[in-house]
Amino acid sequence: KQEYDEIIIQSNNFENVISIGDSKIIGSKNTLIRRIQQILAFEGKWSLNYVIRETNRIADALAKMVLLGDKMLHTFEEPPLEIKEILKEKFCSDNI
């Protein structure tokens, strides 16, 4: 409905990725999956990706920041504190 050129869906739930991507499962018991399939049926270009939760922590943190803040577009010269913490954890655990 927003008239985007492309939709990219990422999920850390492998079963949901399979269910959403399988257009033959029209009678899915999960209402959300059924609704997503209905929406995607009318979209021209979309992709569905499985991502391991750990690799998506930064995207999750940014999404939460948007939900808690204003709706303005922000650009960062440096990562926000929340992102720095995730990066710090990542680099510290890689050096162990």
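Odds and ends about this structure:
- Helix 57-68 axis, angle to the chain major axis (alpha carbon atoms, nearest 10°): 80 degrees
- Label-to-label distance, nm, for residues given as residue 91 and residue 13 (7 Å Cα→Cβ offset): 3.5 nm
- Dipole magnitude for the chain: computed about the Cα centre from +1 point charges on Lys and Arg Cβ and -1 point charges on Asp and Glu Cβ, it is near 500 debye.
- Computed over all pairs of different Cα atoms, the Kirkwood value for the hydrodynamic radius of region 7-51 is 10.6 Å.
- Helical runs (DSSP H, four residues minimum) scored at -39500 (n - 2.57) apiece and divided by the length of the chain put the mean residue ellipticity at 222 nm at -14500 deg cm²/dmol.
Quick note: the coordinates plus some simple rules give every number you see, no bench work behind them. Just so you know, these numbers come straight off a predicted model, no measurement behind them. All Cβ positions, glycine included, derive from the backbone under ideal geometry; neighbour counts span all protein chains shown.
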